[in-house]
Amino acid sequence: MAPPRLLTSAKERTKAIKDAELVSRCIRGDQQAWEQLVQRYQQLIYSVSLAVCRESEVAADILQQVCLELYQHLDEIRKVDDLRPWLVTVTRRKTVSYLRSLKPTLPIVDEEQLVEPIDLVARVEQQHMLDQALKTLTARDRRLLELLSAGRSYEEVAAELDMPVASIGPTRIRCLNKLRIHFNR
């Protein structure tokens, strides 16, 4: 068993005494003591969380959570000297837990939504053929089809491609015919 840590300076002794006194007063329900205790350690808690997550809003939320946990477990803290390490540990744990909760989960797929491997291969082949066919078009024609397939109006496409609105329909038909020819080879 390690020997107890000795307080090395008057400042440390005063702070430890004040922490012990604040904790004791907090347990008795003294709101001012609670505010002083939180004020004393809020920067530590915030800094530890910010160092782990690098997001100020998250660190502020973690600060609130750690203060709540401190309030709920204040009467369980046996040695006030352990308060600072306890706060650091709880802050790190809560921040890491938050970060782990951000990992995306895999969506649950119904068996009906599963694609047979043969269908998947056919889709990949069709996509490859489409990509090859699109390469035969000019960049402007590819962009026209892209914009139209994204649901853009003829007016929007005409404005973006600097073409008359009346040319959009016939150009679209000509492009689709080129693609059909390429697919029928």
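The values are calculated or read from the model by the stated rules, or taken from the named source; none is laboratory data. It should be emphasised that the depicted structure is a prediction, and the values quoted were computed from it without experimental measurement. Note: ideal-geometry Cβ built from the backbone for every residue, glycine included; neighbour counts use all protein chains shown.
Summary table below
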{"item": "Tally of residues being out of contact with any Ser or Thr (no Cβ under 8 Å at 6 or more places or on another chain) and in a helix (DSSP H, G or I) across the range 45-60", "result": "6"}
{"item": "Options Leu87, Leu63: the member that is among the aliphatic types (A, V, I, L, M), within 16 Å of Leu44 (Cβ to Cβ) and over 19 Å from the mean Cα position of the chain (by Cα)", "result": "Leu87"}
{"item": "Residue satisfying condition, being within 14 Å of Val23 (Cα to Cα), at pLDDT below 90, crowded, with 18+ Cβ neighbours inside 10 Å and hydrophobic (A, V, I, L, M, F, W, C), within set Leu87, Leu74, Leu50", "result": "Leu87"}
{"item": "Verdict on Val66 being part of a helix (DSSP H, G or I), touching a helix residue (DSSP H, G or I) at 6+ places or on another chain (Cβ under 7 Å) and farther than 19 Å from Glu35 by Cα", "result": "no"}
{"item": "Within the range 90-105, considering residues that are β-branched (Val, Ile, Thr) and within 11 Å of Gln65 (Cα to Cα), the one surrounded by the fewest Cβ atoms within 10 Å (Cβ to Cβ)", "result": "Val90"}
{"item": "Cross-chain or 6+ apart pairs with Cβ under 7 Å, the range 9-35 first and basic (Lys, Arg), then modelled with pLDDT of 85 or more", "result": "Arg25/Ala33"}
{"item": "Pick from the range 130-185, criterion of a type in the set (S, T, N, Q) and in contact (Cβ under 8 Å) with a residue 12 or more places away in the chain, ranking: surrounded by the fewest Cβ atoms within 10 Å (Cβ to Cβ)", "result": "Gln132"}
